Amino acid sequence: MTYCVGLRLDAGLVLLSDTRTNAGIDNVSVYRKMFTFEVPGERAMVLMTAGNLSVTQTVLAKIRHRMANTEASASESILRAESMLEVAEIFGRTLHQVSLDINSKMKAMEQQASASMLLAGQRRGGQPRLFLIYQQGNFIEATDDTPYLQIGEHKYGKPILDRVVTPATSLEDGRKAALLSMDSTLRSNLSVGMPLDLAIIPTNEFRIATHQRIEAGDPTFSQMSEAWSQTLRDGFANMP
């Protein structure tokens, strides 16, 4: 399984994913779940994936094939789409079709493959947007009332996001909240694991300003994790 979280803030977009893939207790691997697409100064997008690898990797292969096709239309290539909504629709259609194709082959084995995606980005002329795309091809969008979205093992990392994240949250505080959300998940669920991938897209910069791999044992992340644990212990001890 995996955990991916995206924040849509007034100041920009904060995206964080783990890299663990678990096909059984004795078959644990590391696979990147975050993918970036960028035309600096014109558009910047990040995709994060959860679920069946054969589905998500096939979707990415098809998307990249269309990106490389100089004759692809705006309804086919995410680099030519005229809005983030159209980009979400391209991913949604592709995910739905790939899911249908793969599940039709797995039906005889009484198995099913499922997947979901988080898409975030901004195109010049539009606002930063964040979508959760389901395998049926439909999607929901982050709003001012709910400025974050999650996929995968999301329940452990949700409480801190509910308590601290608002559209007015700064990018630095959003980064901190996403990392602490991931830390809570890492501590409570063995199917989520290091290393982590972090990306930040500041509003109206149309570029991925931060794209960072955080390895196991990273001193900054470890220090943050321990400080958060101590803060929780102190808060519990001081409760009346």
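The values are calculated or read from the model by the stated rules, or taken from the named source; none is laboratory data. A quick note: this is a predicted structure, and the numbers were derived from the prediction, not measured. With ideal geometry, Cβ positions are generated from the backbone for all residues, glycine too; neighbour counts draw on all protein chains shown.
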task: Look through SER83, SER114, SER104 and report the one residue that is more than 25 Å from PHE206 (Cβ to Cβ), touching a strand residue (DSSP E or B) at 6+ places or on another chain (Cβ under 8 Å) and among the polar types (S, T, N, Q).
output: SER114
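A quick yes/no check of all residues on (1) within 14 Å of the chain's Cα centre (by Cα); (2) of a type in the set (Ser, Thr, Tyr); (3) surrounded by fewer than 14 Cβ atoms within 10 Å (Cβ to Cβ):
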| site | (1), (2), (3) |
| --- | --- |
| GLY137 | no, no, no |
| GLN150 | yes, no, no |
| GLY157 | yes, no, no |
| ASP162 | no, no, yes |
| LYS176 | no, no, no |
| LEU196 | yes, no, no |
- prompt: If you check VAL55 against the conditions, is it outside any helix (DSSP H, G or I) and either in contact with a strand residue (DSSP E or B) (Cβ under 9 Å, 6 or more places away or on another chain) or at pLDDT 95 or above (or both)?
  reply: no
message: Here's a check for you: in segment 178-191, which residue that is of a type in the set (S, T, N, Q) and buried (at least 17 other Cβ atoms within 10 Å of the Cβ) is nearest to GLN212 (Cα to Cα)?
response: SER181
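With GLU89, GLU38 as the choices, which residue is of a type outside the set (S, T, N, Q), modelled with pLDDT of 95 or more and more than 25 Å from GLN212 (Cα to Cα)? Talk me through it step by step, then tell me what you get.
Numbers: GLU38 fails: more than 25 Å from GLN212 (Cα to Cα).
Being of a type outside the set (S, T, N, Q), modelled with pLDDT of 95 or more and more than 25 Å from GLN212 (Cα to Cα) holds for just one of GLU89, GLU38, which is GLU89.
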task: Could you give me the residue pairs with C-beta distances under 6 Å whose first residue belongs to segment 135-146 and is closer than 18 Å to GLU89 by Cβ, whose second residue is assigned to a strand (DSSP E or B) and not aliphatic (A, V, I, L, M) wherever it lies, and which are 6+ apart or on separate chains?
output: PHE139/PHE131; GLU141/PHE131; ALA142/ARG8
message: Here is a check on your reading of the model: is THR146 in a loop (DSSP other than H, G, I, E, B) and either among the acidic types (Asp, Glu) or more than 22 Å from SER114 (Cα to Cα) (or both)?
response: yes
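Kindly check whether there is at least one residue in segment 66-76 that is in contact (Cβ under 8 Å) with a residue 12 or more places away in the chain, farther than 28 Å from LYS176 by Cα and hydroxyl-bearing (Ser, Thr, Tyr).
Filtering segment 66-76 for residues in contact (Cβ under 8 Å) with a residue 12 or more places away in the chain gives 66-67, 74-76.
Now drop any that are not farther than 28 Å from LYS176 by Cα, which leaves 66-67, 74-76.
Now narrow it down to the ones that are hydroxyl-bearing (Ser, Thr, Tyr): 75.
Yes, some residue in segment 66-76 is in contact (Cβ under 8 Å) with a residue 12 or more places away in the chain, farther than 28 Å from LYS176 by Cα and hydroxyl-bearing (Ser, Thr, Tyr).
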task: Answer yes or no: is there a residue in segment 5-24 that is without any contact (Cβ under 8 Å) to a residue 12 or more places away in the chain and either over 19 Å from ILE208 (Cα atoms) or surrounded by fewer than 16 Cβ atoms within 10 Å (Cβ to Cβ) (or both).
output: yes
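Please specify each residue of segment 70-113 satisfying the condition of being among the small types (Gly, Ala, Ser), touching a Gly at 6+ places or on another chain (Cβ under 8 Å) and part of a helix (DSSP H, G or I).
The initial filter retains those residues of segment 70-113 that are among the small types (Gly, Ala, Ser), namely 72-75, 77, 81, 83, 88, 92, 99, 104, 108, 113.
Among the residues that remain, those that are also touching a Gly at 6+ places or on another chain (Cβ under 8 Å) are: 83, 92, 113.
The answer is GLY92, and nothing else.
On the given criteria, is GLY126 touching a helix residue (DSSP H, G or I) at 6+ places or on another chain (Cβ under 9 Å) and more than 14 Å from VAL5 (Cβ to Cβ)? Give the steps one after another, and end with the answer.
Numbers: touching a helix residue (DSSP H, G or I) at 6+ places or on another chain (Cβ under 9 Å): yes; more than 14 Å from VAL5 (Cβ to Cβ): yes.
Yes; evaluated as a whole, the condition is true for this residue.
Just give me the residues in segment 38-82 being touching a Leu at 6+ places or on another chain (Cβ under 6 Å) and either closer than 19 Å to PRO128 by Cα or surrounded by fewer than 21 Cβ atoms within 10 Å (Cβ to Cβ) (or both), in sequence order. Steps first, answer last, please.
Residues of segment 38-82 touching a Leu at 6+ places or on another chain (Cβ under 6 Å): 46-48, 59, 67.
VAL46, LEU47, MET48, MET67 - these are the residues of segment 38-82 that are touching a Leu at 6+ places or on another chain (Cβ under 6 Å) and either closer than 19 Å to PRO128 by Cα or surrounded by fewer than 21 Cβ atoms within 10 Å (Cβ to Cβ) (or both).
Among the residues of segment 90-109, what is the count of those that are over 26 Å from ILE78 (Cβ atoms) and under 24 Å from the mean Cα position of the chain (by Cα)?
0
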